[in-house]
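Reading through the structure tokens given below for one structure.
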Amino acid sequence: MPARRPVTHFEETSDGPWRVVGMAAITGSPLKPLDFLTVVDRTLERAPQDDDWPLRGMASYGRYVSLAERKTLEARQPMLGRPEATRAALIPIAKSATWWDLAQDERRAIFERSAHIHTGLGYLPAIARRLYQSRDLGEPFDFLTWFEYAPDDGPAFGELLSRLRDTEEWQYVVREVDIRLERTS
């Protein structure tokens, strides 16, 4: 029997390693506010506690990266959990049915025209990130993106988000929530 891949759960807690310092619905409906968040890997069988939390996804390489792009990202991408990276952002994103109705090569072409990977590479190694796929799990978001960075890199992180949100790709985003966090320990 093959081993099950762990599913990462972003869970509401009464205290925890990440304190929520801001939460904004960028597009679409907001999520229920929370004060603290913890990130735990476990199997999928655990039932959600309510409609919003936990958010769940499987760590994955982007569905649109080539082997060469993946190798470049791996070479430049820092590890999560660096001591100096005391700020984080969890950004759940859902794309429209129109996006998902496009063929894979059409989505990849939009991804390329939007310069998604090229833009992200410009902010490495200051900003670490991990992509979680949620769509295939039946979750309310298609992707969960987790970012970690040092406080001094906050302005660069804001610039990265602004550049990505100003692309053709983001015209297909129907729900996006920006959750900002700070490490408590």
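If I build a Gaussian network model for the chain, linking alpha-carbon pairs within less than 10 angstrom, which residue out of V20, V173, V40 has the largest mean-square fluctuation?
Maximum among the listed residues: V40.
Using θ = phi - 60° and the Karplus curve 6.51 cos²θ - 1.76 cosθ + 1.60, what whole-Hz ³J(HN,Hα) does each residue of region 116-129 get, with Gly and Pro shown as x?
My calculation for region 116-129 gives 4, 5, 4, 4, x, 4, x, 10, 8, x, 4, 10, 8, 8 Hz in order.
In the Gaussian network model of the chain, springs joining C-alpha atoms below 10 Å, which of Q133, Q77, Q104 carries the largest mean-square fluctuation?
Comparing Q133, Q77, Q104 in a Gaussian network model of the chain, the most mobile one is Q104.
Taking trypsin sites (Lys or Arg not before Pro) as candidate sites, keep only those in a DSSP loop with at most 16 other Cβ atoms within 10 Å, then name the longest stretch of the chain containing none of them.
Values: sites that count: R4, R46, R63.
It works out to 64-185.
Quick one: if the Förster radius is 22 Å, what FRET efficiency do A156 and R19 give, using the C-beta to C-beta distance and rounding to 0.05? Let's see the in-between values first.
Values: r = 22 Å, r/R0 = 0.98.
Efficiency at R0 = 22 Å is approximately 0.50.
Hey, rough spin-label estimate for E84 and W170, points 7 angstrom out along Cα→Cβ, what's it come to in nanometres?
2.7 nm
Would you mind classifying region 106-185 by shape? Square roots of the alpha carbon gyration tensor eigenvalues, ordered a ≥ b ≥ c; an a/c under 1.5 is rounded, otherwise it is prolate if a/b is larger than b/c and oblate if not.
oblate
Subtract the Cα-Cα distance of R163 and A97 from 0.36 nm times their separation in residues, and report this length gain in nm to one decimal.
Values: separation 66, 0.36 × 66 = 23.76 nm, distance 2.35 nm.
Difference between extended and current length: 21.4 nm.
Within 12 Å, Cβ to Cβ, of E148, how many net charges do the neighbouring residues add up to if Lys/Arg are +1 and Asp/Glu are -1? Write out the running numbers ahead of the final one.
Working: positive: R82, R87, R129, R130, R180, R183; negative: E84, D153, E182.
Computed value for this residue: +3.
Add +1 for every Lys or Arg and -1 for every Asp or Glu among the other residues with Cβ under 11 Å from the Cβ of G120, and state the total. Each step should come with its number before you reach the end.
Working: positive: R76, R129, R163; negative: E69.
In short, +2.
Evaluate the relative contact order of the chain (contact order divided by residue number), counting alpha-carbon pairs under 8 angstrom at least 6 apart; express in whole percent.
35 percent
Using alpha carbon coordinates only, what is the Rg to Rh ratio of the chain, with Rh defined as the Kirkwood radius? Spell out each step's value before the answer.
Working: Rg = 16.1 Å, Rh = 17.1 Å.
Rg/Rh: 0.94.
Determine the calculated [θ] at 222 nm for the chain from helices alone, applying -39500 (n - 2.57) to every DSSP H run no shorter than 4 residues and normalising by the residue count; nearest 500 deg cm²/dmol. Please report the intermediate quantities before stating the final value.
On the way: 5 runs with 43 residues, N = 185.
The helix contribution divided over the chain gives -6500 deg cm²/dmol.
All of the numbers you see were taken from the coordinates with simple rules; none came from a lab. Note that the structure is predicted; figures quoted are calculated from it, not measured. Heads up, the Cβs are rebuilt from the backbone with ideal geometry, glycines too, and the neighbour counts pull from every protein chain shown.
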